[in-house]
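Accompanying notes for the structure given below.
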């Protein structure tokens, strides 16, 4: 029996790893049972350390601000870095983080005016390995890469083994430049 958390879930949290208990966090209140309201740009994930076997973020990371200046204190805050710290914190050892987000150079990165965090094929490198680059900005965890893959989300939203037909479709998407999103699948590294 495992627990999964879906960030920015709306009224229906997703469960890519098919855990028994599914929770969600969304900025809107009153969305349903097991869905907590929190503004993750300025608030922590409202669950204890190591509580989840897995966390997902579907079309959510691009809405997380990278930098905010607190004029009153003249300090710089990095909400995206803080969110990644929170994901790391609520995952149990070897827990999985699964994110799907539009990625540069796709136009889908820029179309929605609420997209403020532009992800590229190398952004994940700031959060992985023994000495992640985001340490200089306050990231205090580190993930191991399970996979980073460009996809067309209409075909490959969930982590699963592809049939031959799906592999052929994925190859066609690659050849025809239709892969607009990135999957990040990370494992919480044992420290």
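Determine, yes or no, whether residue 163 is surrounded by fewer than 14 Cβ atoms within 10 Å (Cβ to Cβ) and modelled with pLDDT of 80 or more. So residue 163 does not fit the description; no. Counting only strands (runs of 3 or more DSSP E) that fall entirely inside the range 1-79 and contain at least 3 residues that are under 23 Å from residue 102 (Cβ atoms), the qualifying elements are 3-7, 21-26, 52-58.
Residue-by-condition table, conditions (1) on the phi < 0 side of the Ramachandran plot; (2) assigned to a helix (DSSP H, G or I); (3) out of contact with any helix residue (DSSP H, G or I) (no Cβ under 8 Å at 6 or more places or on another chain):
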residue: 84; (1), (2), (3): yes, yes, no
residue: 87; (1), (2), (3): yes, yes, yes
residue: 97; (1), (2), (3): yes, no, no
residue: 102; (1), (2), (3): yes, no, no
residue: 105; (1), (2), (3): yes, no, yes
residue: 113; (1), (2), (3): yes, no, yes
residue: 117; (1), (2), (3): yes, no, no
residue: 136; (1), (2), (3): yes, yes, yes
residue: 148; (1), (2), (3): yes, no, no
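The single residue among 105, 132 that is crowded, with 20+ Cβ neighbours inside 10 Å, more than 25 Å from residue 9 (Cβ to Cβ) and without any contact (Cβ under 8 Å) to a residue 24 or more places away in the chain turns out to be 132.
Based on what the data block shows, is residue 86 out of contact with any strand residue (DSSP E or B) (no Cβ under 7 Å at 6 or more places or on another chain) and free of Cβ contacts under 8 Å to residues at least 60 places away in the same chain?
On the way: out of contact with any strand residue (DSSP E or B) (no Cβ under 7 Å at 6 or more places or on another chain): yes; free of Cβ contacts under 8 Å to residues at least 60 places away in the same chain: yes.
In short, yes.
No other residue among 44, 93 is in contact (Cβ under 8 Å) with a residue 24 or more places away in the chain and in contact with a helix residue (DSSP H, G or I) (Cβ under 6 Å, 6 or more places away or on another chain) apart from 44.
The values are calculated or read from the model by the stated rules, or taken from the named source; none is laboratory data. Values in this document were obtained by computation on a predicted structure and should not be read as measured data. A quick note on method: Cβ atoms are made from the backbone with ideal geometry, for glycine too, and the neighbour counts reach across all protein chains shown.
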